[in-house]
1. At 1.4 Å probe size, with the rest of the protein present, what percent of the exposed accessible area of segment 53-150 is carbon and sulfur atoms?
2. Shape verdict for segment 63-127, please, from the Cα gyration tensor: rounded (a/c under 1.5), prolate (a/b greater than b/c) or oblate.
3. Which part of segment 118-148 falls in the paramagnetic zone of Ala112, meaning amide N under 14 Å from the point 7 Å along Cα-to-beta-carbon?
4. What are the residues whose amide H is under 5 Å from the amide H of Val122, where those residues sit 5 or more places off or on another chain and H is modelled from the backbone?
5. What percent do you get for the relative contact order of segment 69-134 when only Cα pairs under 8 Å and 6+ apart count?
6. So how exposed is Trp71, as accessible area in Å² (1.4 Å probe, rounded to 10)?
7. With a 1.4 Å probe and all protein chains in place, put Asp97, Asp142, Asp113 in order of accessible area, largest first.
8. Quick check on packing: order 86-94, 123-131 by the mean number of other C-beta atoms within 10 Å, highest mean leading.
Amino acid sequence: MKAGWLVVAALVVGAGAGVWWWRGAGGRGPGAGSVAQPVAEPADDTTPAWEVPGARGARVEVLNASGRDGWARVATRHLRAQGWDVVAYATAPAPRDTTLVLSRTADTTAAADVRAALGAGVLRVQRDSACRCEVTVLVGKDWRGPGTAR
C-alpha cells in the first residue's frame, strides 16, 4: 500500500517539475518570463490580423447573407489583408440584398471604416453587449468582392 502512494507522489512531483520547466522557470521553457495568455485561432489559413503591420483595434465578425458559397471567407480575407481583426465568420440566418455593417457600440468610427474597406454597405448602430466584437458585417448580394469599391 505504501509503495502505491510513493508512485503517486513521484508522478505528482514529476508533473509539477514538467509544468515548471514548460512555463519557463529559469528562462528555459517556451513561455519564459511571461504568463500564458490564450491566443485566438484564426478562422482560416490566412495571416491573422494581429500579424499584419498596422492592424486595427476593432474586432469584426462577418456573416454571409449573400447566398453565395464562401463569400464570408472572401470578405474575411479582404478585411484581414487591410489589417482588420476578423474574429469569426459564418453564414447569416437570413439572406439580404444589401450589405449591412452594424456598429455594436455607440461609436461608429470602426464600423464606418469597415464599410469603407468593403466599398459597400449600409451603416447602422445595433448595440449588443453580448457580442464579442465591435462590428458585424452581413455580406449581402450587392457586394461584388475585393477591388470593386463603388
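The values are calculated or read from the model by the stated rules, or taken from the named source; none is laboratory data. Given the structure is predicted, the values throughout are model-derived calculations rather than measurements. In this analysis, Cβ positions are derived from the backbone assuming ideal geometry, glycine residues included, and neighbour counts consider all displayed protein chains. Ligands, DNA and RNA are excluded from the accessible area calculation, which covers all protein heavy atoms including side chains. Shrake-Rupley method; radii C 1.70, N 1.55, O 1.52, S 1.80 Å.
1. Details: 2420 of 5040 Å².
Result for segment 53-150: 48 percent of the exposed heavy-atom area is carbon or sulfur.
2. Values: a/c = 1.71, a/b = 1.22, b/c = 1.41.
It comes out oblate by the Cα gyration axes.
3. Hits in segment 118-148 for Ala112 at 14 Å: 123-125.
4. Thr99, Leu100, Val101
5. Working: 69 pairs, mean separation 20.9, N = 66.
Computed value for segment 69-134: 32 percent relative contact order.
6. My reading of the accessible area for Trp71 is about 40 Å².
7. Numbers: Asp97 105, Asp142 30, Asp113 70 Å².
Highest to lowest solvent-accessible surface, that is Asp97, Asp113, Asp142.
8. Details: 86-94: 16.2, 123-131: 10.9.
Most protected by this proxy first, the peptides run 86-94, 123-131.
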